[in-house]
Each structure stands twice: as C-alpha cells, then as structure tokens.
1. Of a type outside the set (Ser, Thr, Tyr) and at pLDDT 85 or above: is that true of LEU283 in this structure?
2. Can you find a residue in segment 375-386 that is part of a helix (DSSP H, G or I) and surrounded by 24 or more Cβ atoms within 10 Å (Cβ to Cβ)?
3. Taking the condition surrounded by fewer than 19 Cβ atoms within 10 Å (Cβ to Cβ) and modelled with pLDDT under 95, does LEU476 pass?
4. Considering only residues of segment 430-463 that are in contact (Cβ under 8 Å) with a residue 40 or more places away in the chain and within 36 Å of the chain's Cα centre (by Cα), which is nearest to LYS324 (Cα to Cα)?
5. Restricting the search to segment 378-405, which residues are more than 17 Å from PHE356 (Cβ to Cβ) and out of contact with any strand residue (DSSP E or B) (no Cβ under 8 Å at 6 or more places or on another chain)?
6. Taking segment 436-470 on its own, how many of its residues are surrounded by 11 or more Cβ atoms within 10 Å (Cβ to Cβ) and not in a helix (DSSP H, G or I)?
7. Checking SER645 against (1) modelled with pLDDT of 90 or more; (2) over 41 Å from the mean Cα position of the chain (by Cα); (3) loosely packed, with under 13 Cβ neighbours inside 10 Å; (4) farther than 19 Å from ASP576 by Cβ: exactly one of these is not met. Which one?
Amino acid sequence: MSESEKKWSCEYCTYENYPSALKCTMCRGPRPFMSEDIYSLHDIDDKSNTAAGPCDNKSNRGKWQCQTCTFINPSKEQICGQCGALVGNITASNLHEHIQPLKITQHSDLAQSLSQPRNNSPPSSLTNVENTRRMTLEKWSCMVCTYENWPRANKCSMCGFVPNNSQRPPSSSRIMSPSNHNVNLENQDDLYRSSANIMDENNCDAERKLRALRRNADWNWLNACIGVIEGNPIPVEQYLSSGGDPARTLTASEVAILNRSSAFDVGHTLVHLAIRFQREDLLAVLLSQIEGSGSGVKRVPSYVAPDIAADIRRYFASTIRHRKGNFPCSFVTDFPTFALPAEVDELPAPIQEQLFNELLDKDAQDQLETDPAVINWSLELTARLGSRLYALWNRSAGDCLLDSVMQATWGVFDRDNHLRRTLAESLNQGSNLFYPRWKEYEASHASFLQYSLEEEQWEEDWTSLLSLASQPGTSLQQLHVFALAHILRRPIIVYGVKYVKSFRGETLGYARFEGVYLPLLCEQSFCVRTPISLGYTRGHFSALVPMEPYSRLESRLPKNNLGTDQLQSIFLPLMDRDRKLLPIHFLTESEIGREESILRQWMDVCESEGGILVAQQLLHKRPLLVAQMVEEWLNHYRRLAQMTSAPFSRPIPTQDYSSEGDTDDE
C-alpha cells in the first residue's frame, strides 16, 4: 500500500493527512473515527501492546507512545504533547521522579519570571491572587449606598457621594500604581482591619449626618428634581410657584440624599434634567421662568390655594352626568363663570403690576391685542362698558384647551383629566350625531377648496379625532371645541388669530378656530345662554376672563332695556374689528345664511351704541369653593401691599403659603 493511500482525509477541509496525525495539519480538526484496529493503522503488530509498541519501528525509535491518547512523543519529553499525560505509569514509588522537574530553583524560568518587573512580563498566579485580595480589601465603602469604590475614586461611582478625607481609607493602604508595584504584604491584614474599623466608625457618624441632612433638606426643591426625571409636573410647578429659582444647581449633599447617580449629578439644574430626560413640556415651562427668556414665575389662584383647587376639581367631577337616549353625550349640572375680583383695582399700582405679571399670559395677550387686534379693540366695550378681557396663563402642553375651559368656568386647570375623559366618552358614545354634522361641515370646506375625500378617508380622520380626545397631552381640534360646548351646555366664543405664523413672522397657514361654537345638537331649553370666551394664538388656547364690574357702571350701559342682571354682566363682541360677524362653526347647509338669528336663539344678543353686536355674559355669585380660593389668592397680594406701605418696609418673601398637596401647579 502506497504512502498516499494510507493518508486520511479531513472531514472539514479535505486535507490529506499522514496516518500518524491525530489532528488535521491544516485546520486542526479531529481525526475521523474509524472502526479499524488502531494498531493496524500505525503499522503496529497486534501482539505488541506495550508502552513502547510503535517505538519498535525504525521511524519511531527513541519515541514513546502515550497510554492515554496513543500519541507518539519524543523520548526527551516527559509529558504527552497531545493530552498532557505523564510518561509511563505513575505510582507511589516513582511519583518523585515525575514531580522532580517541576521544582522551582533559583535559575528556573518560573523564578526568573517572578523576579522580572510587572510591566515587562505578565504577573504570576500567586501575584494575581495577592493583588485581587489586596484590591478587594482596600476599597472604600460609600456611607450612603455602601458601594465599594476603588481607592482612587474621588466620589462614589454608584450614587455620586463625595466623602471627606476621614471617610476614606488612609493613603498607606491604597493600591499602588503599576510603576510602584512593590507592596509590603506583611502588614496587609493589619491595614485591612484598621481600614475596616475606621469605615465602621465613619459609617455610624455619616449615617447620623445623612439623617440630619434629610431633615434639613429643601424637599420642595428635591421633589422638583425627581418630578423632572419622572415626568411629573406637580412638584416642579409647586417649586416654581413658591418662588423657587429654576437655575438652582444640585450640591453634593443633595445628590447624596437623592441617591440616584444614574440620574443626578452635582451642578445639574432642572433645565439640565429636562433636556437629559427629554421632558419637552417641562423644559418649556422652565425656560419661561428664567430671567430674560419670557414670562416670570406664575402664581395663579390654584397655586396659592392648592387644597381648595383640588376640592374644586373633585366637585366638578361630581357634577358630570351621563345622558341616555338618542344622544348619549355627558353634561354638567353647574354653570359658573370665572372673573377676576373687582378688589384688584384697590391694590397699589406696583402690586397690581406684579399680580398681572404672575397671573396673565403676556405673550398671548400681546398677540391678541396687536394689529390686527382680535380682543379689546373697541374702546366702547373696554372702557365704557368695563368688558376688557384678560388672557390667563395656563400649561403649555396639549391640554391647554381643556385647561382654558376649566379656568373660564371654575378658575382651575383640568389637572386630573376629568374633562378630557368626559370629552372622549361623549364623542365615542355620541358619534351617531357628531359624525354626520362634522362630515357635512368638513365636506363643505373641502368642496370650497375643490377637493373631495373617499368614505374610508372620512372614517380614518374621524378615528384619529377620537384618538386625540382620549390621549392626555395631545392637541385638540375644532370638533373638540364643538363637543365641549355640548358638555358645558353653553356657547363657546373663540377669539383667535387668523393666520398661524412662525417664529420669524412667516405665515404658515390659516387658523380656523376663531368663531362661535353652539351646542346645536342639544335642545335650547337644556342649555344656558351665557357664553364663555377663549383666546387662540399660535397653537395655544387661553381663557379670556373679565374683571367684575362695579355698580357704578349702571349709567354706562347701552340704551337697550335689559334688566337688573346687567349690573353683573359684561359684553362679548360677536364681530371682528372690521364689523364682520364671527363665523358659527358646524352649521348645516340649511342653517347657512341666517347666522345672526341663530346667535339670538342661543345667546342674549344686543347692539351697543356704536353698532357692535355683543353677547351678554352674566356673572353670578361665585361658588363657595371658588370664592374661598380667590379670597386666599387676593390675601397674598394684600399682605404684600401692607408690607410695601408700612413705615418700615420689609422685603417681600418668596413663599407666603403652603405649596404642599395636590395642585394644578404649572
């Protein structure tokens, strides 16, 4: 048999290997299993089954065969090069012969490697064990979170706590740098015990200090930091409304108290946290509080009296009823109208200015009053009839429509989303009447613009509107204002800009929100005739509320014979400054053309001496809870007025009231 025929082929790379090869020379793959006698494969006589079996051949003379794996090894090797087994049989009598070569002498390779510097050769197993033990023992434990830190760490890697020198192990017990690796291990146990005792004593003292820090901490500020990372606006609004500085930074002790190194770091502000955790709504609020970036700190009535505001929201939820029948739309049972108290005029001018700065949305007010003005454009209405409108500040999130409706009625925000849930339920349950009127109204606008939609597209758009109503924080559309008029059972007048513009003043599109929204799907006898008014600027709604008139306005009323309720009335224009009638939304084709008569059916409409068509907004006595909230809010500014008018004026405090509890804070 030729030499090539005796070779075996590798199953992996098909390389032809010699018969003596137990692994593929090319890919190191294992030799395939064969059923033949292994002695016949190596040209070994079956009868010679000794340790020197193949060594009888001329080619294998001076070699020995491993009894474990049958690998042929050179005679000078005492260990099998294939499996690591020792040559021959190891017994108690010849054990010393096999372990003798492993003794470490002064000139051995192992001794030389141990004597070389660490940066020139890898450490031995003994050195690794010692270094691991030394590094484990000499770490310092954080007194806040008990995390074991490397000695070089200046602060805790887990919670960010910065210890003082007495709270870390002494420098003599720290790990030395690689260049100075000669560590005296004789005193290692003593150093460890000493360090452990110091850490135990310091941990006890540190725990007492930490408890003292927690007792004296400004939790209004710390809760605001936690609120930012959790996306909870309540503590952030509480902090800002109490006069907190939005540019305040976290200190090392505050970071230790918060104990969340993954979220907080020394020097971070609320703005840093809002950017890091992508809280865009909170970021807009925070940036508006920073000096030079817009409106200052806001102090609306619900901030000053948060507990009463929470009671008002709960009471409002109790007034919601669910109607049955052909039109299962929810409705409310009370019809308050919020107005600023007339006592504001009695405050000193500087305090009045501060009150309006902290209450109003100055940006929205300016946009609605600038050319072309959409509110307060008639001197007759604002000065003679005392019907000036003020844009209240509210949250900048997508809930601004619901907030403004709640402010215009109850003076609070829809913080608990009661009104939003009612809106979503009403649209879903009353779709049989809302959908046809909405579709006809939108189709008429589409035909005016010379386009049309398929039925599937109409249904898809309707589904999208229903989805928007049920998601807190999402912006709402005209349909939702129309549905709110049915829930409140009263008209809603929106005074809005006609064009939406960019930050550069470029016109982006036509704003269609301005106009009158009537509860056309309800019976007139089921609704009240007093409307509420909202303002719409670039993507934002604001509540437009008047100031309560004094009785001295009796001589300034128009000549129309209106009754005694007029003493507590203000007048909302139903025309724009060009004397064009405001549009009525969601009219059917049969109702178009008789807009003025429809307005008179749903509201108390009259005409001023200047020929302006106006709707009366009756201001009845405030509900008890609203009166208490407004009085508490007024008392805050009355106290400020007393401080500024005292013979020895005192500095105005930044926080004059409790900001704890459930609030609408923003």
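The values are calculated or read from the model by the stated rules, or taken from the named source; none is laboratory data. Just so it is clear, the model here is predicted, and its values are computed rather than measured. Neighbour counts are summed over all protein chains in view; Cβ atoms, including those assigned to glycine, are modelled from backbone coordinates with ideal geometry.
1. no
2. Within segment 375-386 (the criterion being part of a helix (DSSP H, G or I) and surrounded by 24 or more Cβ atoms within 10 Å (Cβ to Cβ)), the answer is no, since none of the residues qualifies.
3. It is false that LEU476 is surrounded by fewer than 19 Cβ atoms within 10 Å (Cβ to Cβ) and modelled with pLDDT under 95.
4. Residue satisfying both the conditions and the ranking: GLY430.
5. Those that are more than 17 Å from PHE356 (Cβ to Cβ) and out of contact with any strand residue (DSSP E or B) (no Cβ under 8 Å at 6 or more places or on another chain): LEU379, GLU380, ALA383, ARG384, ARG395, ALA397, GLY398, ASP399, LEU402.
6. Counting residues in segment 436-470 that are surrounded by 11 or more Cβ atoms within 10 Å (Cβ to Cβ) and not in a helix (DSSP H, G or I) gives 1.
7. It is condition (1) that SER645 fails.
Residue-by-condition table, conditions (1) closer than 30 Å to TYR303 by Cβ; (2) in the same structural domain as GLN365 (by TED's automatic domain parsing); (3) out of contact with any Asp or Glu (no Cβ under 6 Å at 6 or more places or on another chain):
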residue: SER387; (1), (2), (3): yes, yes, yes
residue: ALA391; (1), (2), (3): yes, yes, no
residue: LEU402; (1), (2), (3): yes, yes, no
residue: ALA408; (1), (2), (3): yes, yes, yes
residue: GLY430; (1), (2), (3): no, yes, yes
